[in-house]
Protein chains: 2
Amino acid sequence: MNWLVTGGAGYIGAHVVRAMTEAGERVVVYDDLSTGATDRVPSGVPLVVGSVLDRQLLERTLREHDIAGVVHIAAKKQVGESVERPLYYYRENVTGLQTLLEAMTAAGVDRLVFSSSAAVYGMPDVDLVTEDTPCVPMSPYGETKLIGEWMIAAAARAHGLKAAALRYFNVAGAATPELSDSGVFNLIPMVFERLEAGAAPRIFGDDYDTPDGTCVRDYIHVEDIASAHLAAARRLAEAPAGTSLTLNIGRGEGSSVREMVDRILKTTGHEDVTPEVTARRPGDPARVVASADRIRAELGWSARRDLDDMIRSAWQGWRHRHG
Amino acid sequence: MNWLVTGGAGYIGAHVVRAMTEAGERVVVYDDLSTGATDRVPSGVPLVVGSVLDRQLLERTLREHDIAGVVHIAAKKQVGESVERPLYYYRENVTGLQTLLEAMTAAGVDRLVFSSSAAVYGMPDVDLVTEDTPCVPMSPYGETKLIGEWMIAAAARAHGLKAAALRYFNVAGAATPELSDSGVFNLIPMVFERLEAGAAPRIFGDDYDTPDGTCVRDYIHVEDIASAHLAAARRLAEAPAGTSLTLNIGRGEGSSVREMVDRILKTTGHEDVTPEVTARRPGDPARVVASADRIRAELGWSARRDLDDMIRSAWQGWRHRHG
């Protein structure tokens, strides 16, 4: 059977394609190349260039490639941009998914793995976030991900879809330098960018109610994220109609921003640099760390790579991209 | 200045058009006539027949009629149907609003009054529901209304839109028999339909944790709903850019289903009929009654019509439609 991976030419998508093809699954990539890149698509994997808003192309692709399930990763994912351009985010992420679900229903494709995000939780006030922690998203980006989950759960009930929504925590690292993240929106590449500019990396606030005063997050290697998609896809093959899973993908371990910056400085040979502490950024929750119990119970999956794997591979990717 | 009323040929929309034109506002109706009817549109009020998914027609209508604000009432509104056809509801209610917001932004129209619903609250566990009661919608219909509020609030922040989301409680009654509700999805017309068929009206469950064991709701006359739209529209004319109001529209008084059925039987001369108590319907909350404090404070509005006004005018409408 064949899987369609939307956004398969992007950072996370390319890792999912890699994990699935290495495990023997047949994959087709669907990507509008707005942020994806063709050189991330392995040779032998068909690439359909198109938008998730193109209902006809989606349905034709599902039929012509005899697709049995979709891994829907294509989305806009910058929290700050989503505040500036909410209607664009709603169009791409909400109407895009709705269009995909319509095409799947029309073509009789009933399996869906969906990229959700810890952003659905907003500012959670718990030590470990479980899938039952109330969802109060704090940005249009987080809203669009929660809306996607709702839409999928409703389609599972109404149309017998089998679905898994995977709530990513803080994704980092790369399988190879070529597949690394080209964006500079997450902590690790932001530190690299400052170092490259000869500037001290910034820590946004050290007066949070956390052990060292800086924000605590759950970092997870993109190859672990990818293997979770493979596990979810295989689980859906066995699942009864109407199955709708919601699963955190995290390591279940918190790391503070200060701890991460110190590790990055060490790994990249910048032990002499002292980070600069500036004001808090609005909307940053103090602590967001996953409970990874449910995904272990449901899929038998857990993360295998650690912080050093993430930082080292991200640094190799950065040097590959930036000379 | 001119207002565009989407869904203005429907039950609630036609009452809003009536209230606004009687108050001297100039109104244009935009309706796809899927459930609306041209005979509800008063002579002299322009009618544009079109879908809220038609981006070009929306923008052209906003420009050609020199529209300054939109009252967006067009939507699919049957809870049960939304469970059966969630993607249809997401398309019409979510993508529809998103398309409208894009057209408004492009045409420079910055005022919006939006039909929301008490369905955003789901199963509230409070005596009086305030606008700060957590929103946990229990149906795709309720989800689409909460999503609409989120989208509008985000557009207000990003683009300076001025908006009011009005959360309707249980709408009933009519200004004239011709404007009455043609659907049979709410308690009052459901009782009429049973009586017409010579059957006993049904009460779905009398074992709720309420004084008489039947569900308690906040019924409000559609003419009161309409006057709240007028008050909101006028308030937005004075409001600063970025204003985003969320307001309950209810009477702040609970009525039990049994009390309502008894009143209906009396008003329609069926005192001899005994209602039939059947099983609960899944998803019915025990009690949903508005706090109407915020709308009184913000708009100086409160409801003026009582249960007898609602039942009498609904009955006149029913006899008008059903001979």
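Data table
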| item | result |
| --- | --- |
| Test: residue in the range A:1-17 that is at pLDDT below 95, surrounded by fewer than 22 Cβ atoms within 10 Å (Cβ to Cβ), among the aliphatic types (A, V, I, L, M) and outside any helix (DSSP H, G or I) | yes |
| Selected residue (only one of A:315, A:301 is assigned to a helix (DSSP H, G or I), surrounded by 13 or more Cβ atoms within 10 Å (Cβ to Cβ) and either touching a residue at least 40 places away in the same chain (Cβ under 8 Å) or not charged (D, E, K, R) (or both)) | A:315 |
| Selected residue [under 30 Å from residue B:162 (Cβ atoms) and not in a helix (DSSP H, G or I)] from B:225, B:203, B:220 | B:220 |
| Residues of the range A:228-281 classified as closer than 30 Å to residue A:2 by Cα and modelled with pLDDT under 95, total | 2 |
| Qualifying positions in the range B:175-206 - under 30 Å from residue B:98 (Cα atoms) and touching a His at 6+ places or on another chain (Cβ under 9 Å) | B:179, B:180 |
| Single unsatisfied condition, residue B:191 versus (1) among the β-branched types (Val, Ile, Thr); (2) buried (at least 18 other Cβ atoms within 10 Å of the Cβ); (3) within 14 Å of chain A (Cβ to nearest Cβ) | (3) |
| Residue within the range B:199-208 that is over 13 Å from the mean Cα position of the chain (by Cα) and over 15 Å from residue B:278 (Cβ atoms) present | no |
| Pair list, Cβ < 7 Å and 6+ apart or interchain, from the range A:274-297 residues that are at positive phi to residues that are buried (at least 19 other Cβ atoms within 10 Å of the Cβ) and modelled with pLDDT of 95 or more | A:283/A:139 |
| Residue among B:35, B:21 that is away from chain A (no Cβ under 14 Å), of a type outside the set (A, V, I, L, M), out of contact with any Asp or Glu (no Cβ under 9 Å at 6 or more places or on another chain) and in a helix (DSSP H, G or I) | B:21 |
| Boolean, residue B:168 is modelled with pLDDT of 95 or more, closer than 30 Å to residue A:140 by Cβ and either within 13 Å of the chain's Cα centre (by Cα) or surrounded by fewer than 19 Cβ atoms within 10 Å (Cβ to Cβ) (or both) | yes |
| Selection from the range A:257-292 of residues that are more than 20 Å from residue A:189 (Cβ to Cβ) and among the aliphatic types (A, V, I, L, M) | A:279, A:286, A:289, A:290, A:292 |
| Residue in the range B:24-34 that is nearest to residue B:93 (Cα to Cα), counting only those that are surrounded by fewer than 17 Cβ atoms within 10 Å (Cβ to Cβ) and under 20 Å from the mean Cα position of the chain (by Cα) | B:34 |
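For (1) buried (at least 17 other Cβ atoms within 10 Å of the Cβ); (2) under 16 Å from residue A:278 (Cβ atoms); (3) among the basic types (Lys, Arg), each residue gets a yes or a no:
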| site | (1), (2), (3) |
| --- | --- |
| A:195 | yes, no, no |
| A:215 | yes, yes, no |
| A:220 | yes, no, no |
| A:225 | yes, no, no |
| A:229 | yes, no, no |
| A:233 | yes, no, no |
| A:249 | yes, no, no |
| A:257 | yes, yes, no |
| A:263 | yes, no, yes |
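The values are calculated or read from the model by the stated rules, or taken from the named source; none is laboratory data. Values in this document were obtained by computation on a predicted structure and should not be read as measured data. Positions of Cβ are backbone-derived with ideal geometry, glycine not excepted, and every protein chain shown enters the neighbour counts.
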